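> I'd like to ask some things about the structure below.
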Amino acid sequence: MTSIGKLNINDLTPGAFWPYGWMLGKPMPDGNGVPLFSNPATDFWQEHLFNTGEGGDAELLWVNYRNRSPEFSNLEKHLLTQQAIVPLTGEVIQVVAQSAVDGSPDLDTLAAFRVLQGQGVCMAPGCWHTTRVAGAEVTCLMMTRCSTTADLIQHLTTSVRAAESAIVDIPVQRLQGLTARAEISE
C-alpha cells in the first residue's frame, strides 16, 4: 500500500508565503517610499514589481480552474519568470514548494494556501506549484511571461519538451479540508 502525504491548507499571509514569492492584496501601505495615491474617490498603490526575466514580455491570461480533486501527484515550475494568480470569481487553493539544490521539488517545503477573492500570489521563478478549487470553477487573472505560455502550450499539446517550465511527478499528496468557505458556514 502506497502512503499518501497529507497537506493542511493555510490562510494566506505575507510571512507564510514569503519562501515561495509574494502575497498580493495586502492593505494600502502607509507610504514609506511605496508609490501610492489616495483621495475620497480612489486609492492605488504599488503592490509588486513583476519580473518576467531577461528579455521577457509580460502577458495577462484569463484562467479557469476546475480541478476539485484533493489529491495531486505532479507539480509545475517556471524557470525564467514570476507568475501571479489573482482569483476573480471564488477562492483557489495554491499548492507550492521550493526547489531543492538539484532543482527538483523539495517536498519538505510543500505548503498549501487558501487564496481568497481580493488576494493573490506571485510565485518566484523556480517555485513548484499546482492549483485546486474547493467548489465551482474559479476564473483567475494570471500574469506571466508570454514565451513561457507559448512554450507550455506547445509542451502540453505535442511531444516537444518544455524549455521554460518543468512538470514532474511526485508521491501522491492529499489536501486536508478542501472545502469552500461557503460550505463551512452552512
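Just so you know, all these numbers are worked out from the coordinates, no wet-lab data involved. Because the structure is a prediction, the values reported are computed rather than measured. Methodologically, a virtual Cβ is constructed for each residue, glycine included, from the backbone with ideal geometry; neighbour enumeration extends over all protein chains shown.
> Within segment 125-173, how many residues are touching a residue at least 12 places away in the same chain (Cβ under 8 Å), loosely packed, with under 14 Cβ neighbours inside 10 Å and either closer than 22 Å to D108 by Cβ or among the charged types (D, E, K, R) (or both)?
5
> Taking segment 69-113 as the region of interest, how many residues are within 18 Å of L12 (Cα to Cα), of a type in the set (F, W, Y) and out of contact with any helix residue (DSSP H, G or I) (no Cβ under 8 Å at 6 or more places or on another chain)?
Count: 0.
> Is it the case that S159 is small (G, A, S) and in contact with a Pro (Cβ under 8 Å, 6 or more places away or on another chain)?
No: the conditions fail for S159.
> Tell me, which strands (runs of 3 or more DSSP E) lie completely within segment 75-121 with 1 or more residues that are more than 22 Å from T52 (Cβ to Cβ) and out of contact with any Gly (no Cβ under 9 Å at 6 or more places or on another chain)?
92-97, 111-115
> Consider V95 carefully, then state whether it is in contact with a strand residue (DSSP E or B) (Cβ under 6 Å, 6 or more places away or on another chain), more than 19 Å from S165 (Cβ to Cβ) and either of a type in the set (F, W, Y) or in contact (Cβ under 8 Å) with a residue 12 or more places away in the chain (or both).
no
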